[in-house]
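A.B. asks: Please find one structure pasted underneath; my questions will follow.
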């Protein structure tokens, strides 16, 4: 069952908050469709966002490994300091 037309979804709110103009054009597309220039700009925007989100995804996936390596290095350093001054 589809939601009624007068219901606003969280996606609609987020899209409007991010870019009211894009939300307007999604809800009210131009009669002849987007022009070539608008299509090129939209494609460039999609590529940009895909590239940026890919970087964030990689950082999120490897973040635990970086923290683990940092903690291991700190533990080894602390162990070396204790070993040198305890002798």
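A short reminder: the numbers here are calculations on the coordinates, not readings from a lab. This structure is a prediction, so every number in the text was calculated from the model and none was measured.
A.B. asks: Any chance you could give the angle, 0 to 90 degrees and rounded to 10, that helix 36-86 forms with the longest Cα principal axis of the chain?
C.D. replies: For helix 36-86, the angle is close to 10 degrees.
A.B. asks: Which of (i) -0.72; (ii) -0.77; (iii) -0.47 is the computed log10 I(q)/I(0) by the Debye sum over Cα atoms at q = 0.14 Å⁻¹ for the structure on display?
C.D. replies: (ii)
A.B. asks: Go ahead and estimate [θ] at 222 nm for the chain from helices alone: -39,500 (n - 2.57) per DSSP H run with n ≥ 4, summed, over the residue count, rounded to 500.
C.D. replies: -27500 deg cm²/dmol
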